[in-house]
Amino acid sequence: DHRPIPSDIKGMKTQRKDGKFPSYVAATEIQVPREFGEIVQITVSNNHMLILNKDGIVAAMGSGIGGVLGLGDEERIDNFEVLEAFTNPIRNIACGETFSVATCSMGKVWVWGRGDVGELGMK
């Protein structure tokens, strides 16, 4: 069961000629809390997503398996939650399939998630 693509998504060619939508297409508006402010970076993996605002604050959502969300558990989160762990503003973010990465304004690199095969740069 697929909903039509919203009219404000111009040029998205996802509907087949027979009027149906392929099962892999999902154009969905994701709600971000208004107080989060202006988003300057978005990064995604198959299972989770991080967003970064102009003030250096990071929020996460999706599957928390392996701790990839940085929220202290492995629960699935369907709405963005702010990561409270950082003491300095974050400048860049990235998602791997089983881990997440951030760089802060002091030049430090932070990694979290699964690290059983070296994803976090540790043995």
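Between L83 and residues 5 or more places away or on another chain, which pairs have amide H atoms under 5 Å apart, with H built 1.01 Å from N, and which residues are they?
Answer set, sorted by chain and number: V58, A59, A60.
Sort the following peptides by mean Cβ neighbour count (other Cβ atoms within 10 Å, averaged over residues), highest first: 75-82, 88-95.
Averaged packing, sorted descending, gives the order 88-95, 75-82.
In nm, to one decimal, how far is the modelled label at N79 from the one at M122, with both set 7 Å along Cα→Cβ?
Going by the 7 Å Cα→Cβ label model, 3.2 nm.
Could the peptides 31-42, 59-70 be put in order, highest first, of the mean number of other beta-carbon atoms found within 10 Å of their residues?
Output ranking for 31-42, 59-70: 59-70, 31-42.
Read-outs throughout are calculated quantities, based only on the coordinates presented, and are distinct from any laboratory measurement. Given the structure is predicted, the values throughout are model-derived calculations rather than measurements. Glycine gets a Cβ as well: all are built from the backbone with ideal geometry, and neighbour counts include every protein chain shown.
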